[in-house]
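The values are calculated or read from the model by the stated rules, or taken from the named source; none is laboratory data. It should be emphasised that the depicted structure is a prediction, and the values quoted were computed from it without experimental measurement. Methodologically, a virtual Cβ is constructed for each residue, glycine included, from the backbone with ideal geometry; neighbour enumeration extends over all protein chains shown.
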Amino acid sequence: MTDIYEFLESHKISYERHDHPAVFTVEESKRLSPELDGASTKNLFLRDKKGSRHFLVTVPEDKKVDLKTLSSALDSSRLSFASPERLKTHLGIEPGSVSLLAVLNDTEKNVEVFIDQEIWEDEAILCHPLV
């Protein structure tokens, strides 16, 4: 698994670290995490009907995602949530720990990443560091 802090420093990517109790849902994050400026996100790890394509989709934390509409936008067959086994295989993480930064563990480049346009409009992206 990638050491995220080492990766950020070696690539000269600036970040702020804020420690808080472990959280596994958007609701827990809102309740237990400090109030920070930036785009708060939720992340969906999805697969197509055949299981041949995998997607990491990052959207604003309060955005509802219609999987049927998303599958059309991604030019994919029907989408569903990938199994915990696929999550571990492709991103090296457990359910409840999906983060945009997990794509660093996808050394085979099997996961397609899509970030909602609204995320890019903010000055910072809030995401947890794979710990």
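Of everything listed in (1) within 26 Å of Glu85 (Cβ to Cβ); (2) surrounded by 13 or more Cβ atoms within 10 Å (Cβ to Cβ); (3) modelled with pLDDT under 95, the single unmet condition for Ala39 is (1).
Residue count for the stretch 109-124 under the criterion of being over 14 Å from Glu61 (Cα atoms) and at pLDDT 95 or above: the result is 6. If you filter the stretch 2-35 down to residues that are closer than 26 Å to Thr107 by Cα, hydroxyl-bearing (Ser, Thr, Tyr) and in a helix (DSSP H, G or I), you find that the one that is modelled with the highest pLDDT is Ser10. Picking from residues in the stretch 99-113 that are out of contact with any strand residue (DSSP E or B) (no Cβ under 9 Å at 6 or more places or on another chain) and in a loop (DSSP other than H, G, I, E, B), the one that is nearest to Leu44 (Cα to Cα) is Lys109. Of all residues in the stretch 75-98, those that are at pLDDT 95 or above, aliphatic (A, V, I, L, M) and out of contact with any strand residue (DSSP E or B) (no Cβ under 7 Å at 6 or more places or on another chain) total 0. Specify which of the listed residues (Leu79, Leu91, Leu104, Leu100) is crowded, with 16+ Cβ neighbours inside 10 Å and farther than 29 Å from Glu9 by Cβ. From the options Leu79, Leu91, Leu104, Leu100, the qualifying one is Leu79.
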